[in-house]
4 protein chains.
Amino acid sequence: MKKVILLFICFLLLSFVVIAQQQRHEITIPDILEYKTLKCDLHMHTVFSDGLVWPTVRVDEAWREGLDAIAITEHVEYQPWKEDVQNDISRSYAIAKPLADAKGILLIKGAEITRAMPPGHFNALFITDWDVLNGPTYKEALQAAKDQDAYIFWNHPGWQQKDEIPIWYKEHSELYHQGKMQGIEIVNERSYYPLAYQWAIDSNLTLIGNSDIHAPMDYDFDIRRGDHRAITLVFAKEKTLESVKEALETGRTAVYYEDMLLGKQEYLEAIFKKSLFYDHDLIPSPGESATVKLYNHSDLPMRFSLTQKPEGVKCPADFKIDPHCSVLYKISVDKDAELPEEFFISYSIGNFLTAPDKGCEVKLVFKRRNN
Amino acid sequence: MKKVILLFICFLLLSFVVIAQQQRHEITIPDILEYKTLKCDLHMHTVFSDGLVWPTVRVDEAWREGLDAIAITEHVEYQPWKEDVQNDISRSYAIAKPLADAKGILLIKGAEITRAMPPGHFNALFITDWDVLNGPTYKEALQAAKDQDAYIFWNHPGWQQKDEIPIWYKEHSELYHQGKMQGIEIVNERSYYPLAYQWAIDSNLTLIGNSDIHAPMDYDFDIRRGDHRAITLVFAKEKTLESVKEALETGRTAVYYEDMLLGKQEYLEAIFKKSLFYDHDLIPSPGESATVKLYNHSDLPMRFSLTQKPEGVKCPADFKIDPHCSVLYKISVDKDAELPEEFFISYSIGNFLTAPDKGCEVKLVFKRRNN
Amino acid sequence: MKKVILLFICFLLLSFVVIAQQQRHEITIPDILEYKTLKCDLHMHTVFSDGLVWPTVRVDEAWREGLDAIAITEHVEYQPWKEDVQNDISRSYAIAKPLADAKGILLIKGAEITRAMPPGHFNALFITDWDVLNGPTYKEALQAAKDQDAYIFWNHPGWQQKDEIPIWYKEHSELYHQGKMQGIEIVNERSYYPLAYQWAIDSNLTLIGNSDIHAPMDYDFDIRRGDHRAITLVFAKEKTLESVKEALETGRTAVYYEDMLLGKQEYLEAIFKKSLFYDHDLIPSPGESATVKLYNHSDLPMRFSLTQKPEGVKCPADFKIDPHCSVLYKISVDKDAELPEEFFISYSIGNFLTAPDKGCEVKLVFKRRNN
Amino acid sequence: MKKVILLFICFLLLSFVVIAQQQRHEITIPDILEYKTLKCDLHMHTVFSDGLVWPTVRVDEAWREGLDAIAITEHVEYQPWKEDVQNDISRSYAIAKPLADAKGILLIKGAEITRAMPPGHFNALFITDWDVLNGPTYKEALQAAKDQDAYIFWNHPGWQQKDEIPIWYKEHSELYHQGKMQGIEIVNERSYYPLAYQWAIDSNLTLIGNSDIHAPMDYDFDIRRGDHRAITLVFAKEKTLESVKEALETGRTAVYYEDMLLGKQEYLEAIFKKSLFYDHDLIPSPGESATVKLYNHSDLPMRFSLTQKPEGVKCPADFKIDPHCSVLYKISVDKDAELPEEFFISYSIGNFLTAPDKGCEVKLVFKRRNN
């Protein structure tokens, strides 16, 4: 009896210590075609420009949130803390690199060339020399980036415009034609610019979406509850810096923002096909109906709107499937319908946008059973 | 019809911008006795020592989480980023001060004197000169703090000890008797040291609980879901620096950690009394029973265990009341019970600890109805 | 040592049992004027008509969710489970009553007179005899209710109408003039009928909002995360059935739906005044500015839009305050402004609607400091 | 301009209607060996005995929560609502069957034979006649079930025992030897009986875990946040009633309770192997280290404790991997270690219990790279 009391007292005076172990929450968006789907954030800041965190925080956040590649892009021309923090924007790369290597995060050298509108701010990635980007005019700065074979895109095009609606100035045309504006942020932080999306389609600019985070990430995003920063999906041949650059130059990207995917029909449809599982054979004979389970294996919700169906077939017009959920999909075939052995029903996915006003077109493909 | 289409197109190209507005989530723990209950975190770091955020982040976090006073306490002897960040630990106070003033947060000047165990780390608050704290020995450093009339407490006493169980060395006795160890962290970050709590009671050391946060706060605590950092409740005459100091010196504090309150019976009982609302008159005559609603107005859950009741009364033995919730409490009086007109039922609140192994004693007080 | 092992083995074979204790989450909406603000749901179903739960579940749910009064209102004409469940709709009242009494929930006798549109469905409350409500025509049924001095309102007026937009038929005019339509559901379940709200204003019909729940409540509402059913706030002299009836007849109600409050300016403004705490004295002299903390003590978020301010004063135009949160509100007074000693700034609360398109008008009242 | 105003007014009077669409949240626990992993709840009640919901609710809940098979098992001897609900316990099966078919849920005929302890309550599944189970003694009742070739298991063995610790009476031995007790609930609702688990191992009883739910499911479980009822995983050849029965009779089950999996080493290890993805080739040469990503594709967290490793290898001793998360796992090989080309490191998974006090033994298998 005494022993038990003794144990109890010992127990009372033991320290209670909780060690929080870091884990990475993987983003379930499938690889497509012959590419790896790399989750990338190409625009962020630290205390080395006007950000509020130490560079290693950006790597920790990215790893924890399931990202594959990031670029820390300090303002070339703006370091408000320079009274206290060394005025060398290459330092955030140097400080973050060892941790990025240990965590398996690709760290892209980058900087934000920060000029008045027009033409506004531009990110230069895959640079080699930060010191030469500070030319007297934006032209010299961007030329210096180009001379390093940088990949350059226009940041938050609605910045400082009325109602944040972007304006395409002649300066942008010039940069575009000189190959100094290869992509455009259609999403920056929580802002989405449909007009920029339309421009990107019209001019074949690479689609970019980034966090442009300055504060700690959890401060602005409810990460623990599945909220996520805007990211660029890069469809790369391999998980290497070279492959990321090649994919950006070739325009093989999509933007993942809130519950939306923005990109080309080809890529969005491929993601859809690899994400939705169902039995293609479960199709009724004329006069009968069948129920098929549609199972969404991805982290992306899908909102369906019917666009086309064979004559004599009845099926749901509007429905959605949340991540890792399934729904029952009922198909009825009219008694006197003449269906081919293989047929399809077309839907538009309302949150997979292949243009500002256009959902991704997808097909549910079925085979009729013979009997 | 055309107008509508036009409108639709305009709408499509409008930018979608979300502006996150900061709000402060107030902590509902009542003022007690003649004091204001100030919510304080007296131990935290920024990039000016080994922390990972800019000093203003500490103010924003504190304001958002409902705190009233904080001390940023950089390590005097340890600045791993000094290659990049200016080697002057008073800067975090200077940088944070304007925002603290704007937000109404009391900002206490402080530093962490960081020596090997024994005696380990000590926080010196209300200091005036950071530069003199870096003496060759801990004795000189703490003397320099004392010379400034600093308030000094022992940090995370289990640090570097086996199983984090603290050891009280002769050095601590000496500092204690010299008035250079006025308080002790019984909670640091997520670690609770019951043994330190017992020492604090035995030696009348002020109870302190702090976050010692280095990373962004949301990274370690699920703030949005009501998770909270460990804080020191300071029962101060006014919301001023002087009053905070006077309360610390007098030992008028309690520690709020996880769902626990650690402190003297007097203060915890007062918090209980101001938090629990119920009708004292709803009491049955002999042979009858009555149900009383117990309504917990505070953010603190309360776990009740029965300790004493009048003869002839039946009532619940164990129950809990979550924040802003109520429960129905049924009292039955035996047929032949002889109850005084006013009586009470005693409970121990299992998560309000007045010693490592002792719940706060509280009374539910009732008046019998005459008829 | 052996003892410890023994203890360990015993521990291993102990059963792990979790007893879930019920708690009531109180709704923090203040009493106003000389009335108690009773939280009421006046429309719900059980297995005794076409609902899916036993009657006691409705009481448990209501108690747990902080309600004060409910009416279980089975369909008079529709009991799809009558093959298995007794065909007597008064039974749900009889079965629920003992639990309602034990929990302190006011249980109102009621039924839903369920006819084709027009005139559709009507709830009759405070009835005494369920058996006579099944007359051959709706006129006879409603007359039978009226003969019992029932309180009668029109349910979900958009039911079965195109796009759920309600239509007021001549039948409704007739019932209205006969005093057989004293109120109208402007919210039913998750549907809000702005047109019905306008009618209620124009015809002085009592505003009603109910859950009309058939399934278990948690199935449709995320109760644990603060989601709540639509309810009718009844401003009653006392918490009694008579007082609820008097308030309904007099039109002293408001509707609480999602994050919106729908009702008369008088009641909504009173709720606002009792919910928002701030220091009225903190006002700057000309040429200065001051920051006031606005603290929302209620469970209702508040979205402010500026409508009127004195000349020479600058203040925020749009902001919101979430439940139990505070914001800092900055007022600047121009150098040469001539402000009276006491003045106010007017806002419209966008989620407190006094008409379908009109926010509640509120004033922030301040006194200038003399010096 | 007028058009816009008109549109605005129209918009204001439109009804706001939210239609909640049902979705099924799939449970990600893999199929193993040559079996399908069916998620089953074999014990639940409705208003046809002492439950609180209509039978279809049990099917809706099961479908929504990702279950494959259920049994509604009303008490044969106890129908407290029989004054109002028809006294025929086969009705809950009949009422639920059409919906179960439509949803693709296997509905098993069952009943709970409800006698005093000993021997307590038993569930009989796959019965054909409910009427004959009500014999005067438990022996007759269980014999009547056996005569129908029922599958029979002992429910909540700790029921009505001191501290809910089960007692095995001679009656249980008798039933066991007569083949009338083929399985045992080691988990019922939120209660886990380690002693029953040990008995099941010793006597080769099939492991069963069920909800025994009476109330609406969301009332007791926070389903929306990933909380789940206790279920029996049945490793069946096909998703048919026959296969479920065969698997139960053969003992091919495991129990999924809170974050724990209880079952035979063979099945738990197979689930582990199909759930954890990692690259087996990433192994360092002597004197080097390598980091491997361990990615948990399942809904089951995994808590690892090291049990065995090759000499000369350093690796993490304790860590966990949450569902759909990955961790980085670092292996270091001593300079002079002599490792075979293929080797393994053994862990015990602390929340996969193959006995009350024994974690599932698993191996991380690696191949050394040749160079």
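Miscellaneous remarks
- Condition met for D:Ala124 (open to solvent by less than 10 Å² (accessible area, probe 1.4 Å), within 14 Å of another protein chain (Cβ to nearest Cβ) and either under 19 Å from D:Val234 (Cβ atoms) or out of contact with any Gly (no Cβ under 6 Å at 6 or more places or on another chain) (or both)): no
- Residue under evaluation D:Asp163, criteria (1) more than 14 Å from chain C (Cβ to nearest Cβ); (2) out of contact with any strand residue (DSSP E or B) (no Cβ under 8 Å at 6 or more places or on another chain), criterion not met: (1)
- The C-beta contact set for segment D:116-135 (first residue under 20 Å from D:Asn87 (Cβ atoms), second residue modelled with pLDDT of 95 or more and open to solvent by 60 Å² or more (accessible area, probe 1.4 Å), distance under 6 angstrom, 6+ apart or interchain) comprises D:Ile127/D:Lys109.
- Looking only at residues in segment D:76-120 that are surrounded by fewer than 18 Cβ atoms within 10 Å (Cβ to Cβ) and of a type in the set (S, T, N, Q), the one that is nearest to the other protein chains (Cβ to nearest Cβ) is D:Gln86.
- Pairing residues of segment D:37-55 that are free of Cβ contacts under 8 Å to residues at least 24 places away in the same chain with residues that are among the basic types (Lys, Arg), at Cβ distances under 8 Å and at least 6 apart in sequence or on separate chains, gives no pairs at all.
- Any chance C:Glu34 is in contact (Cβ under 8 Å) with a residue 40 or more places away in the chain, surrounded by fewer than 21 Cβ atoms within 10 Å (Cβ to Cβ), away from chain D (no Cβ under 11 Å) and farther than 25 Å from C:Tyr151 by Cβ: no
- Taking segment C:162-178 as the range and being open to solvent by 30 Å² or more (accessible area, probe 1.4 Å) and assigned to a loop (DSSP other than H, G, I, E, B) as the test, the residues that pass are C:Ile165, C:Ile167, C:Trp168, C:Tyr169, C:Gln178.
- Residues satisfying the stated conditions in segment C:236-255, i.e. buried (at least 24 other Cβ atoms within 10 Å of the Cβ) and touching a Gly at 6+ places or on another chain (Cβ under 9 Å): C:Leu248, C:Thr253, C:Ala254
- Counted residues, segment D:305-328 - those being more than 10 Å from chain A (Cβ to nearest Cβ), open to solvent by 60 Å² or more (accessible area, probe 1.4 Å) and not polar (S, T, N, Q): 3
- In summary, strands (runs of 3 or more DSSP E) completely within segment C:55-153 and bearing 3 or more residues that are among the β-branched types (Val, Ile, Thr) occur at C:106-114.
- Some residue of segment C:55-75 being farther than 25 Å from C:Asp31 by Cα, within 11 Å of another protein chain (Cβ to nearest Cβ) and open to solvent by less than 10 Å² (accessible area, probe 1.4 Å): yes
- Residue in segment B:199-214 that is free of Cβ contacts under 8 Å to residues at least 40 places away in the same chain, among the polar types (S, T, N, Q) and more than 13 Å from chain A (Cβ to nearest Cβ) present: yes
- Selection over segment C:179-204 of residues that are in a loop (DSSP other than H, G, I, E, B) and open to solvent by 10 Å² or more (accessible area, probe 1.4 Å) gives a count of 6.
- Enumeration of residues in segment C:289-303 that are of a type in the set (Ser, Thr, Tyr), at the interface with chain B (Cβ under 10 Å from one of its Cβ atoms) and within 9 Å of C:Ser275 (Cα to Cα): C:Tyr295
- In segment C:348-364 there is no residue matching the filter, namely being farther than 28 Å from B:Cys325 by Cα, at pLDDT below 95 and surrounded by 15 or more Cβ atoms within 10 Å (Cβ to Cβ).
- Candidates are the residues of segment A:12-33 that are modelled with pLDDT of 95 or more and outside any strand (DSSP E or B); the one that is farthest from A:Lys274 (Cα to Cα) is A:Glu26.
- Scope segment D:267-304; condition open to solvent by 40 Å² or more (accessible area, probe 1.4 Å) and polar (S, T, N, Q); matching residues: D:Ser289, D:Thr291
- Within this structure, A:Thr46 passes the test of being assigned to a loop (DSSP other than H, G, I, E, B), within 14 Å of chain B (Cβ to nearest Cβ) and touching a helix residue (DSSP H, G or I) at 6+ places or on another chain (Cβ under 6 Å).
- Condition check for B:Lys146: of a type outside the set (Val, Ile, Thr), under 23 Å from B:Leu106 (Cβ atoms) and either within 14 Å of another protein chain (Cβ to nearest Cβ) or free of Cβ contacts under 8 Å to residues at least 40 places away in the same chain (or both): yes
- D:Asp149 meets the conditions (1) farther than 19 Å from D:Ala247 by Cβ; (2) more than 19 Å from the chain's Cα centre (by Cα); (3) open to solvent by 60 Å² or more (accessible area, probe 1.4 Å) in every case but one. The failed one is (1).
- Of residues in segment C:42-92 being of a type in the set (Lys, Arg) and under 18 Å from the mean Cα position of the chain (by Cα), the one modelled with the highest pLDDT: C:Arg58
- Candidates C:Arg224, C:Arg229 - the one that is surrounded by fewer than 18 Cβ atoms within 10 Å (Cβ to Cβ), in contact with a helix residue (DSSP H, G or I) (Cβ under 9 Å, 6 or more places away or on another chain), within 14 Å of another protein chain (Cβ to nearest Cβ) and not aromatic (Phe, Trp, Tyr): C:Arg224
The values are calculated or read from the model by the stated rules, or taken from the named source; none is laboratory data. The structure presented is a predicted model; accordingly, all values stated were derived computationally and were not measured. Using ideal geometry, Cβ is built from the backbone for each residue, glycine included, and neighbour counts are taken over all protein chains shown. Only protein heavy atoms, including side chains, enter the accessible area calculation; ligands, DNA and RNA are left aside. Shrake-Rupley method; radii C 1.70, N 1.55, O 1.52, S 1.80 Å.
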